[in-house]
1. How charged is the neighbourhood of residue 63? Take every other residue with its Cβ under 11 Å from the Cβ of residue 63, and add Lys/Arg as +1 and Asp/Glu as -1.
2. Report the Cα centroid-to-centroid distance between the range 67-99 and the range 141-180 in angstrom, as an integer.
3. Quick check for you: with a 1.4 Å probe and neighbouring chains kept, what is the accessible area per residue of the chain, in Å²?
4. Please compute the net charge surrounding residue 194, taking Lys and Arg as +1 and Asp and Glu as -1 over other residues with Cβ under 9 Å from its Cβ.
5. Roughly to the nearest percent, how much of the accessible area of the range 123-272 is carbon and sulfur, given a 1.4 Å probe?
6. What does the charge count near residue 78 come to, summing +1 for each Lys or Arg and -1 for each Asp or Glu among other residues with Cβ under 11 Å from its Cβ?
7. Does the chain classify as rounded, prolate or oblate by the C-alpha gyration tensor (a ≥ b ≥ c root eigenvalues; a/c under 1.5 gives rounded; else a/b over b/c gives prolate, otherwise oblate)?
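The values are calculated or read from the model by the stated rules, or taken from the named source; none is laboratory data. What you see is a predicted model; the values in this text were computed from it and never measured. Positions of Cβ are generated from backbone atoms using ideal geometry, with glycine treated the same way; all protein chains shown enter the neighbour counts. Quick note on the areas: whole protein, heavy atoms, side chains included, nothing else; ligands and nucleic acids left out. Shrake-Rupley method; radii C 1.70, N 1.55, O 1.52, S 1.80 Å.
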Amino acid sequence: MTLARPPMARLTSALAALAAAVGVAAGPAAPPALAADRWTGGTASTVGRIIWDAGNGQLGYCSGAIVDAPNGSVVATAAHCLRTPDHPSPPADAWFVPAYDHGLSSYQRDGWRITAHHTPEEWDVSREMPAILPHDYAFVTVEEKDGRTIQERHGANRLAFEPVPEGEDVQVLGYPAVEPYDGESLRYCAGVTTVLREGQAEAANAGGLLLENCDLTAGSSGGPWLTGFDPATESGTVVAVMSVGSGKGHVVGRPFPATARTLLERAGAPAS
């Protein structure tokens, strides 16, 4: 099984997109983690792993989080988990597995099949990645199981839209799958929200949230940046999704602009 990173973007140095797109030559292994601990906040059933058939007997991986929607069937993730300039079509056979934990052999049985993909219009994969990276957010719609929605079964996080308050405590969760990690357990970093302003970063990353001393690797893409996580409900507020990381202790999350409300409405529309 081969893991690789999608195209590069830059903060002050190169930032490698964090999807684990399988079947492309892998880059160098990530350095030892600076801070990406095993999640110890109890079960987080509103957070999970996205797994898809990448062809030739290989799998692709990302992360995601259930968000509140009228149809109870929406997961937030990163747009580059669904479509990239190198892979313009979304995966045809993909699943979201809530609270994934060493479940690769049963991911289809435990997971919820993804039935629709929703990326913003600005996520035009005919363009270069740096030009579209400011729009690296997306939603997927999943099927019901046994007459119940994923939200009825596992709960949901709230979704916040820009502007994101600065200085709030945030926990960044995901399933990193490149060394020193294997993608089989939920990992996290913690810090405070810091918005990258124009002039502080390359244009591709301006407006994103920066977290330092965090080395979540490929596979954590699309994972939620959560504030106010409540162990009782296993949920919090998603203020961004994991977009890119440097491999040197810097990661960037992409917040949801106000225009993403329309995209969420489309993903969360009840079946007619």
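1. After counting each charged neighbour, the total is +2.
2. Result: 12 Å between the Cα centres.
3. Using a 1.4 Å probe on heavy atoms only, each residue of the chain averages 41 Å².
4. Here the charged neighbours net out to -2.
5. 46 percent
6. Net of charged neighbours comes to +1.
7. Since a/c stays below 1.5, the shape of the chain is classed as rounded.
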